[in-house]
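Below is one structure, written out as C-alpha cells, with a few remarks after it.
Computed from the coordinates by the stated procedures, all read-outs in this text should not be read as laboratory data. All values reported here derive from a predicted model rather than from experimental measurement. With ideal geometry, Cβ positions are generated from the backbone for all residues, glycine too; neighbour counts draw on all protein chains shown.
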Amino acid sequence: MGITCSIGLALPCRVGQPDAVSNDPHSMHRWHDAAALATYALYEAGNGSERWAGGFSWDGSRIEVIALVDGDEVSVESSRPEPDASRDVGRRRLTIGDLLWRHVLQDAHALALPYSITIEPDDRVVTIDDKPYTVPGIRIEGDPAWVGTIRLDEVTLKVTTTSPSALILRTCADPSSLPEMPPAGH
C-alpha cells in the first residue's frame with residue numbers, strides 16, 4: 001500500500017542540504033564536539049570508499065556519517081531512541097518529509113503543477129554489525145532515493161541513499177577520524 005501525494009501549489013523552500021556542516025572555518029569542530037556528546041553508538045556504511053561528517057544536533061542526540069558506496073552517497077544518521085512509541089508516527093512523517101525534500105526541492109528541474117507522486121513501502125535487508133536486519137523503508141515510485149529507519153536497542157538509525165548496492169553498516173569505531181568535509185570533487 002502506497003501513499004499518493006499531489007502538490008497543487010507552490011512550496012516555499014530554501015535550496016541547500018538541511019543540517020549540513022557549516023563552511024564557516026570557525027565551526028569546523030562542531031560535528032566532532034556533538035559526536036563526543038553522543039551516549040549511543042554511531043554507525044556508518046561499512047562498505048564505503050570515502051566517509052565524512054554529516055549533519056548533527058547541537059546536543060549530540062543526532063549524528064550523521066556519510067560515505068560513498070559504489071559512487072553513491074549513503075547517509076547513516078544515528079540518534080537516541082525516542083521513549084514514546086507514538087513518536088514512531090512522527091518519525092515516519094519526518095522520513096516522508098526528508099524523502100519529499102530530496103525528490104522535489106533538491107533536483108534542479110522545473111516542476112509543472114499539479115505534480116503527483118506515489119510513496120511506496122520498500123523494506124530492505126541491511127547488514128548491521130554482521131547481522132542481517134529487515135529495515136522498514138520508503139521510496140518514491142520511479143526515484144532511486146530510499147529512506148529506511150530501524151530502532152536497535154540503544155540507537156535509532158535512519159539510512160538515506162540512492163545506491164542500489166547492498167547496504168552494510170557498522171559501528172563507527174573512531175568518530176574523531178572523520179573529516180568535516182566531503183572528499184574533493186564531491
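Once phi is turned into ³J(HN,Hα) by the Karplus curve 6.51 cos²θ - 1.76 cosθ + 1.60 with θ = phi - 60°, what whole-Hz value does each residue of the range 98-103 show in order, with x for glycine and proline?
Couplings: 5, 4, 5, 4, 4, 6 Hz.
So what does log10 I(q)/I(0) come out to for the range 28-175 at q = 0.09, 0.12 Å⁻¹, using the Debye formula with one equal point on every Cα and no solvent?
Computed log10 I(q)/I(0) values: -0.28, -0.50.
In whole angstrom, note down how far apart the Cα centers of the range 48-77 and the range 126-186 are.
8 Å
Quick one: what are the phi-derived ³J(HN,Hα) couplings along the range 116-132, Karplus 6.51/-1.76/1.60 with θ = phi - 60°, whole Hz, x for glycine and proline?
Whole-Hz 3J(HN,Hα) from phi for the range 116-132: 10, 9, 10, 9, 10, x, 8, 7, 10, 8, 10, 8, 10, 6, 6, 10, x.
Once you put a point 7 Å from the Cα of Tyr115 and another 7 Å from the Cα of Ala41, both along the Cβ direction, what distance in nm separates them?
A separation of 3.9 nm, rounded to one decimal place.
Once all Cα-Cα distances of the range 89-186 are split into 10 Å bins that start at 0, what whole-number percent is in each one?
12, 39, 34, 13, 2
Using a basic spin-label model with each label point 7 Å from the Cα along Cα→Cβ, how many nm lie between Glu82 and Glu141?
Each label point is offset 7 Å from its Cα along the Cβ direction, giving 2.8 nm.
Please turn the phi angles of the range 148-159 into ³J(HN,Hα) values with the Karplus equation 6.51 cos²θ - 1.76 cosθ + 1.60 (θ = phi - 60°), one per residue in order, whole Hz, x for glycine and proline.
Going residue by residue, I get x, 10, 8, 9, 8, 3, 10, 7, 10, 10, 10, 10 Hz, with x marking Gly and Pro.
Can you give me the three principal axis dimensions of the range 105-149 from its C-alpha atoms, in Å, biggest first?
44, 19, 14
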